[in-house]
Amino acid sequence: MDLSAYIKNQGISVYNLSKKSSVPYTTLCSICNGSANVMDCRVNTLVKISNALGVNLLDVINGSLSAPKKYNFINGDINIDSSDLPKALKNTIKELEEYDQNNDTMFYECADMLYMMADRFLRDGAIDSEIRDKLIMKYPIA
C-alpha cells in the first residue's frame, strides 16, 4: 500500500507523522494527496519518513508498505469476552497485551502466571473450562 493508505491504516495523522519525522506538514500532505510523487522527494525526506514509521525505505519508495503484524505472541484469532472475568485476570490480560505490543519476552512469564490463575479460578468456579482453554490458546507460552 502507498504511504497515505499505510498511515491511515495505522491511525496516524499526517500532522503526527510530520512532528515525529520532522518532515514539513505541507510536504507530507502533498505526498499523501498525490500532488507530489514519492520518487521526486529527496532521499533524506524519505529516510525521515521511513524511520519515523519504522518501515523499510524501499517499501516507502515502491509504495509496497504492508500493515504490520498486529500480534507478536497473542493468537489474534481467538476472541474472549473479558467483561465477566475476575479483575485479577483482566489485569493480567492487560499486562500481556502491553508485553505483546512491546514485543517484550516478559509475555511468557506473565502468560505462565495467567495459566495458574485460570486454573485457580476454574477450581473456584469463577470461570468455566471453555474460558480457561481459550485463555491458554489465546496467550500461548510456546
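Table for the structure above
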quantity	calculated
Single condition residue 72 does not satisfy, out of (1) closer than 30 Å to residue 122 by Cβ; (2) in contact with a Leu (Cβ under 8 Å, 6 or more places away or on another chain)	(2)
Filter result (more than 20 Å from residue 126 (Cα to Cα) and either aliphatic (A, V, I, L, M) or in contact with a Gly (Cβ under 9 Å, 6 or more places away or on another chain) (or both)) within segment 79-102	96
So residue 54, is it in the same structural domain as residue 9 (by TED's automatic domain parsing) and either at pLDDT below 90 or farther than 22 Å from residue 10 by Cβ (or both)	yes
Residue 7 surrounded by 12 or more Cβ atoms within 10 Å (Cβ to Cβ), in the same structural domain as residue 126 (by TED's automatic domain parsing) and hydrophobic (A, V, I, L, M, F, W, C)	no
Residues satisfying the stated conditions in segment 2-19, i.e. part of a helix (DSSP H, G or I) and within 19 Å of residue 67 (Cα to Cα)	3, 4, 5, 6, 7, 8, 9, 10, 14, 16, 17
Which numbered condition residue 72 fails, given (1) out of contact with any Asp or Glu (no Cβ under 6 Å at 6 or more places or on another chain); (2) at pLDDT below 90	(1)
Filter result for the condition that a residue is β-branched (Val, Ile, Thr), closer than 19 Å to residue 11 by Cβ and free of Cβ contacts under 8 Å to residues at least 40 places away in the same chain, over 38, 23, 43	23
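Conditions (1) more than 18 Å from the chain's Cα centre (by Cα); (2) farther than 30 Å from residue 131 by Cα, marked per residue:
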{"residue": "2", "(1), (2)": "yes, yes"}
{"residue": "7", "(1), (2)": "no, yes"}
{"residue": "39", "(1), (2)": "yes, yes"}
{"residue": "45", "(1), (2)": "yes, yes"}
{"residue": "74", "(1), (2)": "no, no"}
{"residue": "82", "(1), (2)": "yes, no"}
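The values are calculated or read from the model by the stated rules, or taken from the named source; none is laboratory data. As the structure is a prediction and not an experimental result, all values here were calculated from the model. We place every Cβ from the backbone using ideal geometry, glycine too, and count neighbours over all the protein chains shown.
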